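Chemist: The structure's right below; bear with me while I get my questions together.
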Amino acid sequence: MWKEAAAWMAGLGCACLALSEYEKKHFSVEAVTMGSDKLDQDRTLVFLSDLHNNEFGQDNCQLVEAVRGIKPDAVLCGGDMMVCKGTGDVGVPIKLISQLADRYPVYYGNGNHENRMTWERDVYGTLYEEYKSALRRMGVVYLEDETAALGTDVLISGIDLGKRYYRKALYQKMPSMGKEYLDRKLGRTDHVEGKDRFRILLAHSPLYFADYAAWGADLTLAGHFHGGTIRIPALGGVMTPQYQFFLPWCAGDFEQQGKRMVVSRGLGTHSINIRLNNRPQLVVVYLKKQRK
């Protein structure tokens, strides 16, 4: 009996690994829609996050083709497009973004892997500056605690979250943030004169949605948790990279007091190189103008 059970378990393990390998190379395109009376016109945005040097076809040709089929008004990157572990390699995201920036406005916010290049300069030297400069030469709007306009009715902000906000929850208590932290980083939204524009915030970690909403983000785009690595129906993602288990905010579309947050499952993996019932995700955001 035990031999049969062992054989069955081994077969199940092999099947799961095979499915994981398939999923890692086959992304899904999924859309969300949000309306607002702050918008002057409808817009289509593509949101990419957590590529971690993954490739869908040579030079990410499949991903580029999917974006071109959507015909977005802009492409937004939510960080962790590379893997900064060891020496670091930024070649894959540079090739991908160069193809996208040639056709679309690209707005780029940092994740913890981009920031790690600045936190650990003894390892990465000037790699961060070289990467940022390469993207800016392509025309990418690189947002380091900064805000830029998309047309006359949309503002896009990118925040560099401090290292403490990426602690491993298994070992340390997660710190609180507060609206004041975003005020210091990005400026206060309640003191902006003139037209009330629709605000998009690129904030890599979704843990602080309440603070992002209180700051004034109409739509927060986040990632970081890779959908929870393994997703179980009715239970959601099993584990985040910060060792939180069955965290509701691993992926999905969330609302709080009229503010929205979309959390991407991401496009790649790194330390835990598994995806199960958790295909990589290219997010399409349809912004719709509403009457006041």
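The values are calculated or read from the model by the stated rules, or taken from the named source; none is laboratory data. Worth saying up front: this structure is predicted, and the values here are computed from it rather than measured. Positions of Cβ are generated from backbone atoms using ideal geometry, with glycine treated the same way; all protein chains shown enter the neighbour counts. These accessible areas exclude ligands, DNA and RNA; they are computed on the full protein's heavy atoms, side chains included. Shrake-Rupley method; radii C 1.70, N 1.55, O 1.52, S 1.80 Å.
Chemist: Quick check on GLY69: is it at pLDDT 95 or above and more than 27 Å from THR147 (Cα to Cα)?
Modeler: Spelling it out, GLY69 is indeed at pLDDT 95 or above and more than 27 Å from THR147 (Cα to Cα).
Chemist: In this structure, does ASP160 turn out to be within 18 Å of the chain's Cα centre (by Cα) and either exposed (fewer than 14 other Cβ atoms within 10 Å of the Cβ) or at pLDDT 95 or above (or both)?
Modeler: yes
Chemist: Here's a follow-up. How about the stretch 233-292: which strands (runs of 3 or more DSSP E) wholly inside it have at least 3 residues that are touching a strand residue (DSSP E or B) at 6+ places or on another chain (Cβ under 9 Å) and under 18 Å from PHE56 (Cα atoms)?
Modeler: 281-289
Chemist: Let me ask another. When you scan the stretch 84-201 for helices (runs of 4 or more DSSP H) that lie fully inside it, which ones turn up with 1 or more residues that are in contact with a helix residue (DSSP H, G or I) (Cβ under 6 Å, 6 or more places away or on another chain), among the polar types (S, T, N, Q) and touching a residue at least 40 places away in the same chain (Cβ under 8 Å)?
Modeler: 91-101, 112-119
Chemist: Another question, then. So how many residues does the stretch 72-96 have that are buried (at least 24 other Cβ atoms within 10 Å of the Cβ) and under 13 Å from TYR142 (Cα atoms)?
Modeler: 4
Chemist: Taking the stretch 64-76 as the region of interest, how many residues are in contact (Cβ under 8 Å) with a residue 40 or more places away in the chain and outside any helix (DSSP H, G or I)?
Modeler: Result for the stretch 64-76: 4.
Chemist: Against the definition (open to solvent by 60 Å² or more (accessible area, probe 1.4 Å), within 23 Å of LYS163 (Cα to Cα) and touching a helix residue (DSSP H, G or I) at 6+ places or on another chain (Cβ under 9 Å)), how does TRP215 come out, yes or no?
Modeler: no
Every residue, every condition in (1) over 28 Å from LEU45 (Cα atoms); (2) open to solvent by 30 Å² or more (accessible area, probe 1.4 Å); (3) over 17 Å from the mean Cα position of the chain (by Cα), yes or no:
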residue: LYS168; (1), (2), (3): yes, yes, yes
residue: MET174; (1), (2), (3): yes, yes, yes
residue: ASP196; (1), (2), (3): no, yes, yes
residue: PRO206; (1), (2), (3): no, no, no
residue: THR220; (1), (2), (3): no, no, no
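Chemist: Counting just the residues of the stretch 41-60 that are loosely packed, with under 14 Cβ neighbours inside 10 Å and either over 22 Å from HIS270 (Cβ atoms) or β-branched (Val, Ile, Thr) (or both), which one comes out farthest from the chain's Cα centre (by Cα)?
Modeler: In this case the residue turns out to be GLN41.
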